[in-house]
1. Here are the criteria: (1) in contact with a helix residue (DSSP H, G or I) (Cβ under 9 Å, 6 or more places away or on another chain); (2) crowded, with 24+ Cβ neighbours inside 10 Å. Tell me which single one Glu302 does not satisfy.
2. Can you name the condition, by its number, that Ile164 falls short on among (1) of a type outside the set (Lys, Arg); (2) assigned to a loop (DSSP other than H, G, I, E, B); (3) under 27 Å from Ser86 (Cα atoms); (4) open to solvent by less than 20 Å² (accessible area, probe 1.4 Å)?
3. Pairs needed: first member in segment 254-281, under 28 Å from Tyr415 (Cβ atoms) and touching a residue at least 60 places away in the same chain (Cβ under 8 Å); second member anywhere, of a type in the set (Lys, Arg) and in a helix (DSSP H, G or I); C-beta distance under 6 Å; at least 6 residues apart or different chains.
4. Within segment 215-241, count every residue that is open to solvent by 10 Å² or more (accessible area, probe 1.4 Å), part of a helix (DSSP H, G or I) and more than 16 Å from Ile278 (Cα to Cα).
5. Are any residues in segment 312-342 surrounded by fewer than 20 Cβ atoms within 10 Å (Cβ to Cβ) and in a helix (DSSP H, G or I), and if so, which ones?
6. Those residues that are touching a strand residue (DSSP E or B) at 6+ places or on another chain (Cβ under 6 Å) and either exposed (fewer than 15 other Cβ atoms within 10 Å of the Cβ) or within 15 Å of Pro329 (Cα to Cα) (or both), I need them from segment 269-299; list them, please.
7. Quick check, is Glu182 open to solvent by 30 Å² or more (accessible area, probe 1.4 Å), closer than 30 Å to Ser412 by Cβ and not in a loop (DSSP other than H, G, I, E, B)?
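The values are calculated or read from the model by the stated rules, or taken from the named source; none is laboratory data. Keep in mind that what you see is a predicted model, and the values were worked out from it rather than measured. Reconstructed Cβ throughout: ideal geometry from the backbone, glycine too, with neighbour counts over all protein chains shown. The protein model used for the area step is the full one, side chains on, heavy atoms only, and it has no ligands, DNA or RNA in it. Shrake-Rupley method; radii C 1.70, N 1.55, O 1.52, S 1.80 Å.
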Amino acid sequence: MAANGVVFDHTVKIVATIGERTSPAYDKLEEILGQGTIRINLAFCSKERYQELRDLIRRIRTKGGDKINILLDAVGPRVKLGNLGSGVNLKEGAEVVITTQDPKKAATEDRIGTIFKELPQFIKPGDPILLAEGKFKLETVRVLNETDVLTRVVKGGFCKKRGINLPKTDLPVPALSDNDKEDLAELLKEPDVDMVALSFVRNVADVKMLRDFLEQVGRPDVRIMSKIETTPAVENINAIASVSDALMVARGDLWAELENPWSLPSVTCDIIKAGQAIGIPVVTATQTLSSMQTNDLPTRAEVDELYFLISRGTDCIMGSEEFAVGMYPEAVVHSIKAVGKEVDKEIQKSLSVPRYLSSTPLDRELAGIIWAEGTKRIRCICIISSRANYLKEVYRHRPRKPLIAISNHSKSVHYFQLFQVVPVLGKFQVTDDASAIARAALKQLHLFGQHDSALLIVNHTGPDTTKDHHFSRIEEIPLPSSADSLD
């Protein structure tokens, strides 16, 4: 860690989940995360618990320089089973009634409640009903009445999880539920939250619904992360990316929803490419280091998968149970960062130019500068902008050199925590000397060099919109000398 709490780490970022249950991670968040994204899963977090977590986050932000990004993960449509008690045994070939009547009543082997009241309305004979992210499978026999659906167990076992996936059923229910609106309207009254993750997105209209809601509650500054976990979302991925601020590959439900679940790795890569094409960050989630809930080292397979995901371009790795209930949160962070550094070594050796470049004059000029052979003496790229969208224009070119993103807006710096950049919160005016701002940031990061330089990209002009791509200045500046550190 360098001076003033600024960490020079431009590799893969981490999204850490905290929620209702107690974990050793909570007391060590500042130490193990420092700068990153904290995800609060509203599906497992009461409003009372949220207030406690909010106070914790405020303390971390105050002490660490206001760099933590706060992500609220909305519940979405409540397509879940009811009370399973300690679990229910599903016997292959047996008939089971799924009922909306009294979902709080404990499930039996032939009757299971659901809180999804619309199930009998939309389900059709032959439609599969997947439980526990596809681990168990039922097939719809027929709809008995307005509350009951008769099913047959195709793939059985002992089920303890309440999640339901209906990959063949068209569910015309909004991604933003009434419960979500009620929760968010209350939680967004205070300025702490930076971003909302929208569950079960299917199309652009779902994202726009949340965007309109944020406007209505007076929080247009809150950004949107679209969770890609349905087949329609995969089919509409480029359009969804174009109206989102970030994407999440929610592999748990996505695995269950895909007609061919074995295509999950290639679908994950397609989602990452969609984010890369427009310069927005992509988070990959679900079971990335699940063994580390109880072990201080990952499995070899987990290390291999991390390398695959990071090398393919995912910007963040999300930990769920690894942080929420895991015993080794520090080891989780160390493992992700260690693999990220190994990927970065390979990137530095690569001579290939990224594929996701458009043909606009600005793109050609920027790519030519970033990837020119004459930039070998350039140690890093500094971009100074009051707004976040200018970072995206540089980021989509995937420069080899570390990217330092400097802004005088704390909300932008929070957002930068999802990118593989070094965020720096600066106190400056648009009339201040940009070279001096950049050199001050480089000193904070202890980046010195007698003969090395940094590429400086400056933009303070225009509104925060992707339609304005005007860069005020691109120039090369010398790194501060080590003697400057004594100033």
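1. (2)
2. For Ile164, the failing item is (2).
3. Correct list of pairs: Gly279/Lys392.
4. Summing the residues that are open to solvent by 10 Å² or more (accessible area, probe 1.4 Å), part of a helix (DSSP H, G or I) and more than 16 Å from Ile278 (Cα to Cα) in segment 215-241 gives 6.
5. Glu321, Glu330, Ala331, His334, Lys337, Ala338, Lys341, Glu342
6. Hit for segment 269-299 is Thr288, nothing else.
7. When the stated conditions are applied, Glu182 passes them.
Residue-by-condition table, conditions (1) on the phi > 0 side of the Ramachandran plot; (2) of a type in the set (Val, Ile, Thr):
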{"position": "Phe200", "(1), (2)": "yes, no"}
{"position": "Val234", "(1), (2)": "no, yes"}
{"position": "Ser242", "(1), (2)": "no, no"}
{"position": "Glu257", "(1), (2)": "no, no"}
{"position": "Ser266", "(1), (2)": "no, no"}
